[in-house]
1. Between ALA105 and LEU28, what is 0.36 nm times their sequence separation minus the Cα-Cα distance? Round to one decimal in nm.
2. Calculate for the chain the 222 nm mean residue ellipticity that helices alone would give, adding -39,500 (n - 2.57) per DSSP H run of length 4 or more and normalising by residue count, nearest 500 deg cm²/dmol.
3. Which links in LYS33/LYS75; LYS33/LYS59; LYS59/LYS87 stretch past 26 Å when you go from one Cα to the other?
4. Spin-label point model (7 Å from Cα, Cβ direction): what's the TYR89 to LEU62 distance in nm?
5. Bins of 5 Å, beginning at zero and ending with the bin holding the largest distance: percent of Cα pairs per bin for the chain, please.
Amino acid sequence: MPGRRYEMLHTGGAEQDLESIYDYIAELDSPAKADYVLDQILEVAKRLESFPKRGTHPKELLVLGIHEYRQTAFKPYRVIYRVIEQKVYIYLIADGRRDMQSLLARRLLGA
């Protein structure tokens, strides 16, 4: 529903993900590059305030019959979130090249 604003909330895990991504890039490349990547991820996530249903369902969860979560991306980083009423909860921000099946199972399903 365009024009309708949703409140965006990051879980503690998502906040830690952002810090880890920033630290990794800053150490491997530079703080400037880390700032750029972090800004781009946050911009992609901010768009969810207006268009939360635009994201696709993560295929790793679909095969388990789970349809509540969606994803958007600033490649290679995937932002996994869930829309509940007027709120967008961001649960996970991770490099999509990782073993996402295991990561999603641990973080979202408590496995």
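Every number in this text was worked out from the coordinates using simple rules, so none of it is lab data. These numbers were taken from a predicted model, which means no experiment stands behind them. Ideal geometry is used to build each Cβ from the backbone, glycine not excepted, and the neighbour counts take in all protein chains shown.
1. Gain on stretching ALA105 to LEU28: 24.9 nm.
2. One gets -13000 deg cm²/dmol as the mean residue ellipticity at 222 nm.
3. LYS33/LYS59
4. 2.3
5. Distribution as computed: 2, 12, 22, 25, 19, 12, 6, 2, 0 percent.
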